[in-house]
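Chemist: To start, I am sharing the structure in question, which I have written as structure tokens.
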Amino acid sequence: MTPPSEISTTDTWHLHTVGGCGLSPHHTMAERWNGTLFMEYLWPEEKKWLLVALLGLEMVMGIVGNCLVLLVKVMCKGQFCCRYWLPFISLTLSDLGCSLLIISGSLLAMLTGGQRSPWCEVVSLLKFAFITSSIGSLAMLCVLRLIGRASTGSALFVVVVAACSASWVTGLVFGSIPVIYAWIKYDSAEMLCAVFWESSYSDMLVYILCAFSVCIFLPFLLIIVCSLLSAIGCGSNSNSDDEADLSAVTPLLVASYVLCYTPFVVSELILLGRLDLSPAPDWLRTLSSVMSYLDCGLNPLIYCSHQDFREAGLALLWTNRKPLSEPVLTAITKHEL
């Protein structure tokens, strides 16, 4: 705990900002780490362990579910139709990476009281990369379903590879900018390291607008346009094989993504509207993390809603199933003709 006499003017501003987020003095703790004052919300015990249990459940759902999905996609490819396998693989890897690294990091932070450098910066960078790669993969799925062409065996495959790779690279680039400029601090309300703005509203405005325009808004606009065109019957995906293909679950994946990431977008919009650079309310930042993690565990369940994929997964897991017994001749009855 930093003595009051050692808190600088900037540190006092941090205390004011966190107080403006609805934190009473006995709910905050100031800690100096490498010359920087961190503000930490002290969770009540019952809420802390409730969040620990929730994060643990989401982590297990994400890791187990996405590992099984990868196994089914790799080992049972011939048992179900999947014309657009590359965006599905990219989306599954993103969900698995988030479950392994980000959710587990938040769970550990809740148990230990924070995240420290360099893991703090790595978590912030990777989370943005996973968000961007997920929405980029969904956008590619929507485009491919609209044009109705498989992503293998043609020049389109190169375009799909480039698009999926670009979504990962773009996320890493925009995620690395706050790390380079040392904008990263642990946010106990969000349960992971996040971007905190200290002095310049213009810097925050430029960064968020650029990041959202390139990484979120453009893919989301592509998703909306392609989904609307598909809904009114445009494109080439209105054949009888469309429902049999795994891509039939794409609308559910899009709906899940929009639902789970809406709190995150709302919290960023609130930040844009506050000239004093104070973040969104703590409950909203906590909700944004919990809901974004939930998406990683929901996607495997959405895949399993497809009958052929579900049957392939059950056939892979049910390894101890005994073969049907052969009929055994037990008696012979002689009939006179």
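Chemist: Any chance you could count how many residues in the stretch 251-306 are more than 26 Å from residue 204 (Cβ to Cβ) and in a loop (DSSP other than H, G, I, E, B)?
Modeler: The qualifying residues number 2.
Chemist: Kindly indicate which of 93, 138 is at pLDDT 90 or above, open to solvent by 60 Å² or more (accessible area, probe 1.4 Å) and within 18 Å of residue 256 (Cα to Cα).
Modeler: 93 is the lone residue from the list that is at pLDDT 90 or above, open to solvent by 60 Å² or more (accessible area, probe 1.4 Å) and within 18 Å of residue 256 (Cα to Cα).
Chemist: Still on this structure, please answer the following. Looking only at the stretch 103-129, count every residue that is of a type in the set (S, T, N, Q) and open to solvent by 20 Å² or more (accessible area, probe 1.4 Å) and tell me the total.
Modeler: Here the count works out to 3.
Chemist: Still on this model: For residue 132, all conditions in the list (1) of a type outside the set (D, E, K, R); (2) open to solvent by 20 Å² or more (accessible area, probe 1.4 Å); (3) under 26 Å from residue 289 (Cα atoms) hold save one; what is the number of the exception?
Modeler: With respect to (1) of a type outside the set (D, E, K, R); (2) open to solvent by 20 Å² or more (accessible area, probe 1.4 Å); (3) under 26 Å from residue 289 (Cα atoms), residue 132 is out only on (2).
Chemist: In the stretch 194-204, which residue that is open to solvent by 20 Å² or more (accessible area, probe 1.4 Å), outside any loop (DSSP other than H, G, I, E, B) and touching a residue at least 60 places away in the same chain (Cβ under 8 Å) is nearest to residue 126 (Cα to Cα)?
Modeler: Only one residue tops the list, namely 195.
Chemist: So which pairs qualify, if the first residue must be in the stretch 214-235 and at negative phi and in contact (Cβ under 8 Å) with a residue 12 or more places away in the chain, the second must be part of a helix (DSSP H, G or I) and of a type in the set (Gly, Ala, Ser), the Cβ gap must be under 6 Å, and the two must be at least 6 apart or on different chains?
Modeler: 219/136; 219/139; 222/139; 223/139
Chemist: Consider residue 198 against the criteria (1) more than 30 Å from residue 113 (Cα to Cα); (2) at pLDDT below 90: it satisfies all of them except one. Which criterion is unmet?
Modeler: Looking at each condition in turn, residue 198 falls short on (1).
Chemist: Then there's this: Test residue 212 against the criterion of being at pLDDT below 90, aromatic (Phe, Trp, Tyr) and either open to solvent by less than 50 Å² (accessible area, probe 1.4 Å) or assigned to a loop (DSSP other than H, G, I, E, B) (or both), and give yes or no.
Modeler: yes
Chemist: Does residue 79 meet the test of being within 24 Å of residue 305 (Cβ to Cβ) and either in contact (Cβ under 8 Å) with a residue 40 or more places away in the chain or open to solvent by 10 Å² or more (accessible area, probe 1.4 Å) (or both)?
Modeler: yes
Chemist: Do the conditions hold for residue 265, that is, is it surrounded by fewer than 16 Cβ atoms within 10 Å (Cβ to Cβ), among the β-branched types (Val, Ile, Thr) and modelled with pLDDT of 85 or more?
Modeler: yes
Chemist: Could I ask something else about it? Of all residues being among the small types (Gly, Ala, Ser) and touching a residue at least 12 places away in the same chain (Cβ under 8 Å) in the stretch 175-193, which is most open to solvent (accessible area, probe 1.4 Å)? Just the residue, please.
Modeler: 176
The values are calculated or read from the model by the stated rules, or taken from the named source; none is laboratory data. The shown structure was predicted, so the numbers you read here are calculated from the model rather than taken from an experiment. Heads up, the Cβs are rebuilt from the backbone with ideal geometry, glycines too, and the neighbour counts pull from every protein chain shown. Side chains included, ligands, DNA and RNA excluded: accessible areas come from the protein's heavy atoms. Shrake-Rupley method; radii C 1.70, N 1.55, O 1.52, S 1.80 Å.
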